[in-house]
Amino acid sequence: MEKVKVGTTKELQGNLQTGLNGELAVPGDKSISHRGIMFGAISEGTTILHHFLTAEDCLSTLKAFQQLGVPITRDGKTVKIEGVGLHGLQEPNEPLDMGNSGTTTRLIMGLLAGQNFQTKLIGDASLSKRPMKRVGEPLAQMGADIAVTDGHLPATITGKQLHSVDYHLKVASAQVKSALILAGLQADGDSIFVEKQPTRNHTEIMLRAFGADIETEPDDVTITVHPDPKMHGIEMNVPGDMSSAAFFMTAASLVPNSKVKLLNVGMNDTRTGLYEILKRMGGKISLSNENSDGEPTADLTVESANLKPIEIGADEIPAVIDELPLVALLAAKANGISKITGAGELRVKETDRISAIVTEFRKLGISIEELEDGFIIDGRKHWHVANSQLDSHGDHRIGMVMAVAALLVDQPLTLAGANSINISYPEFFDDLGTLIQR
Ligand code: S3P
């Protein structure tokens, strides 16, 4: 694995005529890797995670839990956690550095709110701009003491005895839901959380596997958390990350003469929005080797296709939230006008992804209109490079989507801030290279 060095501007070779071909096992799921460390830490006994994502975000979680007194060792992509139980974490000597990771920050807030010590959380410049009141406010209703800085990191968490609540979430966010569930495990009674819309449910599925008592109603949005569970370590294989596979699903669909097989990809239906959207757009994509023990997985075969435009509204957004920049790219090659709305959450990701996509797509001459909560894209307009210097905006997913876009342009481009891809996919350029026979 070759990490892209900090401050790197990467040359992107365009005009790929030969197509993308071959098989690829993408790295482990980011959401599941974070949770594997956290839930292993608060269980009794040993947890072993295979195919753990060794990218910067998940390493931030690993380090934070070591600082909280949890013995964790890593050998390549295998991580061993000696769980200390729900009441065995220790006060860290220094502030915990969350790096760029929103998932680490928000979930840890829910967990540490109920511990009997004080912790300070810090993060990088991007993370320090992201909203934290969405977690702090509902946790305060449970009796938590979390002091944020003008709604942002740095934050100081002073552990308290938490109280049970019946709370309706104000944002469709799995991170906020997960923080509340982790707080609920430490509350003085049963808590009920009601989501606005279903969001990724890895926390619920995995906590149950570790022995916690969490119920989800058939409506998929009402969750009951019973406190003080007896949790035990587990051994698990982290599925391939759908959000990483998504770059190759998009690239193979758009680059002529492509056929790519992506192995063992996580197919949890709270994450498969891009798969559904691509099929609706006329994409050629099929599943094989389907497995549904715990988190479902499958191999995905994707071929080049002529795509139709699409309309996507708020209901569909959570299952495709991290892949929306790729939906925009698919739309930019579809034979009509596509409209994506209800995606205002994109403005509070690692960067404002609506603004970043509009800026970068316009450099390639793509016809894109910015909406407050999405985009309108006319895929019929011929692309024409106005500026060959692309920028990741310090955001891993923007960096990778522009690297995929560059495959479709018949001149070399550059990508500034290419090192941001190390946040979720350090091997991205190597893996892309294995599919290209120039
Ligand atoms: C994540 C939830 C999503 C997603 C993020 C990972 C998680 O954020 O965008 O990349 O692991 O819970 P929100 O739940 O805040 O939308």
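The values are calculated or read from the model by the stated rules, or taken from the named source; none is laboratory data. Predicted, not measured: the structure shown is a model, and the values here were computed from it. A quick note on method: Cβ atoms are made from the backbone with ideal geometry, for glycine too, and the neighbour counts reach across all protein chains shown. SASA here: full protein model, heavy atoms, side chains in, ligands and nucleic acids out. Shrake-Rupley method; radii C 1.70, N 1.55, O 1.52, S 1.80 Å.
Brief remarks follow.
- Residues in region 100-118 reached by a label modelled at Ile192 [backbone nitrogen below 11 Å; 7 Å Cα→Cβ]: none
- Members of Lys5/Lys63; Lys279/Lys339; Lys30/Lys129; Lys261/Lys339; Lys133/Lys160 lying beyond 23 Å, as alpha-carbon distances in this model show: Lys261/Lys339
- Near Thr301, once Lys and Arg are set to +1 and Asp and Glu to -1 for all other residues with Cβ below 14 Å from its Cβ, the sum equals 0.
- Placing unit charges on each Cβ (+1 for Lys and Arg, -1 for Asp and Glu) gives region 30-237 a dipole about its Cα centre, and among Thr156, Gly110, Gly143 the Cα reaching farthest toward its positive end belongs to Thr156.
- Our helix-only sum for the chain, with -39,500 (n - 2.57) per DSSP H run of n ≥ 4 divided by its residues, gives a mean residue ellipticity at 222 nm of -8000 deg cm²/dmol.
- DSSP bridge pairs, region 30-237: antiparallel proportion in percent, nearest 5: 70 percent
- Length gained on full extension, Lys77 to Ser355: 96.6 nm, using 0.36 nm per residue less the C-alpha separation.
- Between Phe117 and Asp150, the modelled labels are 3.1 nm apart [label points 7 Å from Cα along Cα→Cβ].
- Per atom type, the chain shows carbon and sulfur on 46% of its accessible surface, probed at 1.4 Å.
- Relative pair counts by distance (%), Cα atoms of the chain, 10 Å bins: 5, 22, 33, 25, 12, 3, 0
- Of all DSSP beta bridges in the chain, antiparallel share, percent nearest 5: 70 percent
- Here the peptides 418-427, 336-345 are ranked by packing, the mean other Cβ count within 10 Å, and the order with the highest first is 418-427, 336-345.
- Residues whose amide H comes within less than 5 Å of that of Thr270, counting only those at least five positions distant or on another chain, are Asn201 (H built at 1.01 Å from N in the peptide plane).
- Separation in nanometres of the label points that stand 7 Å from Cα toward Cβ, at Gln141 and Glu276: 2.7 nm
- Of all aspartates and glutamates in the structure, the ones whose alpha carbon falls short of 12 Å from that of Lys177, not counting any fewer than 8 places away in one chain, are Glu195, Glu204.
- Label point 7 Å beyond Cα of Val348 along Cβ direction - residues of region 172-190 with amide nitrogen under 13 Å: 172-177
- Per-residue ³J(HN,Hα) for region 198-214, Karplus 6.51 cos²θ - 1.76 cosθ + 1.60, θ = phi - 60°, Hz, x for Gly and Pro: x, 10, 3, 10, 4, 4, 5, 4, 6, 4, 4, 4, 7, x, 6, 9, 10
- With a simple spin-label model that places each label point 7 Å from the Cα along the Cα-to-Cβ direction, the separation between Glu369 and Thr46 comes to 6.0 nm.
- Amide H contacts under 5 Å for Leu408: Asn15, restricted to partners 5 or more places along the chain or on a different chain, H placed in the peptide plane at 1.01 Å from N.
- The residues of the chain have, on average, 37 Å² of accessible surface per residue, using a 1.4 Å probe with all protein chains present.
- Relative to the globular-protein estimate of 2.2 N^0.38 Å, the Cα radius of gyration of region 311-438 stands at 1.01.
- About its Cα centre, the chain has a charge dipole of approximately 1100 debye under the convention of +1 per Lys or Arg Cβ and -1 per Asp or Glu Cβ, with nothing else charged.
- Based on C-alpha pairs under 8 angstrom that are at least 6 apart in sequence, the chain has a relative contact order of 20 percent.
- Calculated Rg and Dmax of region 1-160 using C-alpha coordinates, Å: 18.1, 60
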